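Here is the structure we will look at.
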Amino acid sequence: MTGGNRSTHAHRSAAPERRRGRGRGGRLLMAALALLVLTTAGAGWVYLKLNGDIATFGEEGLSDDRPASAGRGQNVLVIGSDARTGGNSELGGGDEHDIGRSDTAFLLHVYADHEHAVAVSFPRDTLVDIPPCRLPDGTWTRPRSDTMFNSAFTVGQTAKGNPACTQNTVEKLTGLRVDHTVVVDFRGFASLTDVVDGVRVCVPNDVYQKDLNPKRATRGERIFAKGEQTVSGQKALDYVRLRHGIGDNSDIGRIKRQQAFVASLLKKVKGEGLTPTRLLPLANAATASLTVDPGLGSADKLISFAMSLKDVDLHNTKFITIPWRYQGARVAVVEPEADALWAALKADRTLDGQNAGGKNGDAGPSPTASASPSPVSGEGISVAVYNGTRTRGLAARAAERLRAAGFTVTGTVTAAAQDHTATVIEYGSAQKEQAATVARLFPAELRPVSAPGISVVLGRSYADNPSATPGTPVAVPTKDTRSADDDLCSNLSYG
């Protein structure tokens with residue numbers, strides 16, 4: 001395929017085990033820290049030093065089929081990498097001969113008013129469509145469906161990973177143009193936390209060596225006591241990598257703690273300020289292990305962007321995880337909530353609906369507004385309708401709408417359970433496009449299943465508003481949203 005088709009622990013005994021662990025969560029949301037810390041790096045005497053430290057990845061791996069720029073806020077993709085090179089294996093990055101991985105990523109949207117920002121986390125196991133990506137030999141992969149999000153970074157099996165492929169994947173998933181991409185590795189993260197004299201964190205319960213390394217035969221010594229404490233360097237890495245021993249041991253819970261860590265670091269940096277004597281080592285820590293896109297590949301460009309973030313308020317800095325649900329052992333994106341989130345960001349509106357498009361600018365249409373839809377044709381598409389509520393006659397009403405649009409209704413049935421909240425459209429593996437056509441009539445979540453055919457399972461949302469269409473306003477999800485000034489010990493786990 002050618003490019004033209006690119007669509008530190010307190011006990012020394014714990015150290016050896018830390019080195020052996022791969023530490024999936026350590027590639028954390030910390031690149032935003034590097035970016036925001038650089039807001040203090042405007043002094044000219046830092047310029048030449050920074051210029052020599054910034055590495056870039058080639059733009060030839062970026063897709064030719066990219067979303068248009070919204071021309072308002074900026075979107076920065078932040079990727080945490082456990083690249084095995086440059087001393088990272090000693091910090092838990094694994095075998096130095098292994099490939100680079102990234103199990104942590106988020107999209108930082110900086111609003112046009114430069115006073116608001118939101119970071120949207122992507123769970124590593126989220127099932128997404130990965131578009132064509134460039135391999136080291138210059139050829140391009142075929143697109144893949146229902147593939148784990150973190151596999152995009154490993155395309156090409158290189159030691160440094162494939163940030164361009166992750167960027168292509170995020171653009172396809174969100175419909176948002178990624179203005180910049182930043183990759184930070186273990187070494188850069190550890191150095192950054194050392195330079196700021198540690199970060200205040202909270203641990204929900206006592207944590208032991210086995211929680212960090214589940215392959216241990218015994219529980220081992222306690223490495224974190226329950227409550228607030230300050231961590232830096234290796235111990236900071238251990239905190240953000242930790243998944244087991246807290247909540248349901250999920251990546252979702254770990255994301256919550258990583259978001260709290262980022263918020264705590266931002267609060268410290270903005271609260272204490274920085275003197276010139278601390279500026280250079282901090283800037284060095286933030287840039288020495290950065291890999292950025294060519295658009296941020298020089299000190300002036302990086303500093304210019306970072307300086308644009310200096311007025312972002314802590315309370316107006318939000319952290320959220322993409323709307324999700326479990327799908328077996330994986331994570332699925334929940335619609336239409338995810339689409340409502342992307343639409344809000346594209347229109348530069350905050351999660352609570354405020355216009356943040358700039359004091360003198362119009363943020364454009366409401367994130368839930370849509371143009372008049374084109375007629376839906378269901379010709380050649382067969383659908384079964386199930387009533388997942390206790391409202392009588394609901395399936396017959398939906399069937400009438402489907403038939404009016406040319407769909408063939410194979411039956412109307414009462415679902416096995418009548419407690420469905422949202423409407424779900426289930427479809428077989430070869431019928432995704434047809435299911436999407438059905439979804440043009442109903443605000444619904446698309447869900448792949450193993451059995452062939454298409455089924456609409458009506459939920460309470462349809463019973464409450466049977467005339468609703470996908471153009472009907474959908475609230476932007478705000479569940480589990482965190483502000484950078486929230487209580488340190490709140491919302492730290494899942495399950």
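Being open to solvent by 30 Å² or more (accessible area, probe 1.4 Å) and at pLDDT below 90 is the requirement here; does residue 142 meet it? So residue 142 fails the test. From the list 412, 408, 423, exactly one residue is closer than 20 Å to residue 335 by Cβ and polar (S, T, N, Q). Which is it? Matching residue, one of 412, 408, 423: 423.
When 441, 446, 394 are checked against the criterion of being modelled with pLDDT of 90 or more and within 20 Å of residue 469 (Cβ to Cβ), a single residue qualifies: 394.
The helices (runs of 4 or more DSSP H) found wholly in the stretch 103-222 and carrying at least 2 residues that are more than 26 Å from residue 320 (Cα to Cα) occupy 186-195, 209-212.
Any residue at all in the stretch 402-423 that is more than 32 Å from the chain's Cα centre (by Cα), of a type in the set (Lys, Arg) and not in a strand (DSSP E or B)? Looking for residues that are more than 32 Å from the chain's Cα centre (by Cα), of a type in the set (Lys, Arg) and not in a strand (DSSP E or B), one finds at least one in the stretch 402-423, hence yes. Taking the listed residues 429, 461, the one that is open to solvent by 40 Å² or more (accessible area, probe 1.4 Å), of a type outside the set (Phe, Trp, Tyr) and either touching a His at 6+ places or on another chain (Cβ under 9 Å) or outside any loop (DSSP other than H, G, I, E, B) (or both) is 461, with no other qualifying. Quick one: is residue 245 in contact with a Lys or Arg (Cβ under 8 Å, 6 or more places away or on another chain) and on the phi > 0 side of the Ramachandran plot? When the stated conditions are applied, residue 245 passes them. Each residue in the stretch 59-79 was checked for being open to solvent by less than 30 Å² (accessible area, probe 1.4 Å) and either part of a strand (DSSP E or B) or at pLDDT 90 or above (or both), and 9 pass.
The values are calculated or read from the model by the stated rules, or taken from the named source; none is laboratory data. In this text, all values refer to a predicted model and were calculated from it rather than measured experimentally. Positions of Cβ are generated from backbone atoms using ideal geometry, with glycine treated the same way; all protein chains shown enter the neighbour counts. Accessible surface is based on the protein model in full, side chains and every heavy atom, while ligands, DNA and RNA are left aside. Shrake-Rupley method; radii C 1.70, N 1.55, O 1.52, S 1.80 Å.
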